[in-house]
Amino acid sequence: MISPFIVNDKNLFLSRFPAAQVNRSLQAWDSADEYLLNHINEQGLVNANTKVAIFNDAFGALATNFCHSASENPTVLCINDSYISSQGISYNIEQNYLDDSKIEQLNSLDSLPNDIDIILYKIPKSKSLLIEQLIQIKKSVSDTCIFIAADRAKEIHSATLKVFEKHLGSTKTSLAVKKARLVFCQFDNKQVHQSPFPTVWSLAHKSTNDSPSREFTISNHANVYAREKLDIGARYFIENLPNVAANSKVIDLGCGNGVIGLTVLANQPEAQVQFIDESPMAIASAEQNIKTNLPESLENCQFTLNDSLTDIEGGSVDLILCNPPFHQNTATTDHIAWQMFKDSHRVLKKGGELRIIGNQQLAYHIKLQRLFGNETLIASNNKFVTQSAIKK
């Protein structure tokens, strides 16, 4: 949905990203963005000499408001753990014909500079990512930095505020406006906490060939799902993976920590596996898990930040394995799964297989039938279904 975002006398037209495959009922900004921008404008907190760091700006609603002319723009750092968000920011700057000469995009694993004047922080859905980002902020910026967070009022709980107090310092909130609220922190907590991330845990691997069973050591960065143990969906998927022939080209799509692709390589060392995710933390976790557990297979692997399978050559892959997400940020949506399925149909060779797992109620079989003209139920329990579709 292309939605007009009018704040501080600026009229911008913002799209969710990817622009061609979004849920048209969703807009690219929310009232927390509006509240945050109105506040800093009313307080006169930003000028051309200010260095601003914006965290978790999903589609550029905040960043685009600092792009006028190079002489007027502050220096802006956009920090995200999302390739899609970074692409969305660039897309919306371009579509609104804005000057991005003083915009720099960093990912969640990049170091922060120590000369940031103000931080505008959209609170992420993941508590672990919140904790990790606050720890890195406290380590990097000076105590004089202005910190303002924003979210929907219903998402800011007393437990959320305690996290800010623990890692940054004195915390207070604004009144709610349009169901959004601001959080203000002073950097007066002198303690800098040690990051608990990445977390490391053990995973038992039961071999399907003649090689002995073994224990894998799994590393997970903060924004990667199932940070302390294998989640039940991934476990069920692993139990129902197909046999993979030597030299098969396999994609672990939405790979997370890479345990699916890792399992494929443990069972078939001669497979060629590409790990794809939109999260830099996920890609870093997947690569580390191959290096730690199957270093001899590293030359058979690729690790790619991507928006689904964009720019992957059509008709080039034998097998795609996928557990599609059904939300984007806080919005529940099936458009990501739909994009993954369409991209998979394009990328698979004739006779190639897409194998997925999903919650029972998501009814992915309808989409698979529509796209592939076939669908096979591989396994099901009271929560999950594993399904297969073959490119004819």
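The values are calculated or read from the model by the stated rules, or taken from the named source; none is laboratory data. What you see is a predicted model; the values in this text were computed from it and never measured. Backbone-built Cβ (ideal geometry, glycine too); neighbour counts: all protein chains shown.
For the reader, a short list of remarks on this structure follows.
- Those residues of the stretch 99-131 which are touching a residue at least 40 places away in the same chain (Cβ under 8 Å) and assigned to a loop (DSSP other than H, G, I, E, B), in sequence order: 108, 109, 112, 113, 115, 116, 117, 123, 124, 125, 126
- Filter result (in contact with a strand residue (DSSP E or B) (Cβ under 9 Å, 6 or more places away or on another chain), surrounded by fewer than 18 Cβ atoms within 10 Å (Cβ to Cβ), modelled with pLDDT of 75 or more and not in a strand (DSSP E or B)) within the stretch 1-28: 26
- Selection within the stretch 350-366 - at positive phi and either modelled with pLDDT under 95 or assigned to a helix (DSSP H, G or I) (or both): 363
- Candidate set from the stretch 312-344 (those that are at pLDDT below 90 and in a strand (DSSP E or B)); member that is farthest from residue 371 (Cα to Cα): 331
- Filter result (in contact with an Asp or Glu (Cβ under 7 Å, 6 or more places away or on another chain) and part of a strand (DSSP E or B)) within the stretch 293-307: 303, 305
- So residue 89, is it among the aliphatic types (A, V, I, L, M), crowded, with 19+ Cβ neighbours inside 10 Å and part of a loop (DSSP other than H, G, I, E, B): no
- Taken over the stretch 207-256, residues that are within 24 Å of the chain's Cα centre (by Cα), assigned to a loop (DSSP other than H, G, I, E, B) and in contact (Cβ under 8 Å) with a residue 24 or more places away in the chain amount to 13.
- Of all residues making up the stretch 147-189, the number that are surrounded by 19 or more Cβ atoms within 10 Å (Cβ to Cβ) and part of a strand (DSSP E or B): 11
- Residue among 190, 172, 206 that is touching a Phe, Trp or Tyr at 6+ places or on another chain (Cβ under 7 Å) and charged (D, E, K, R): 172
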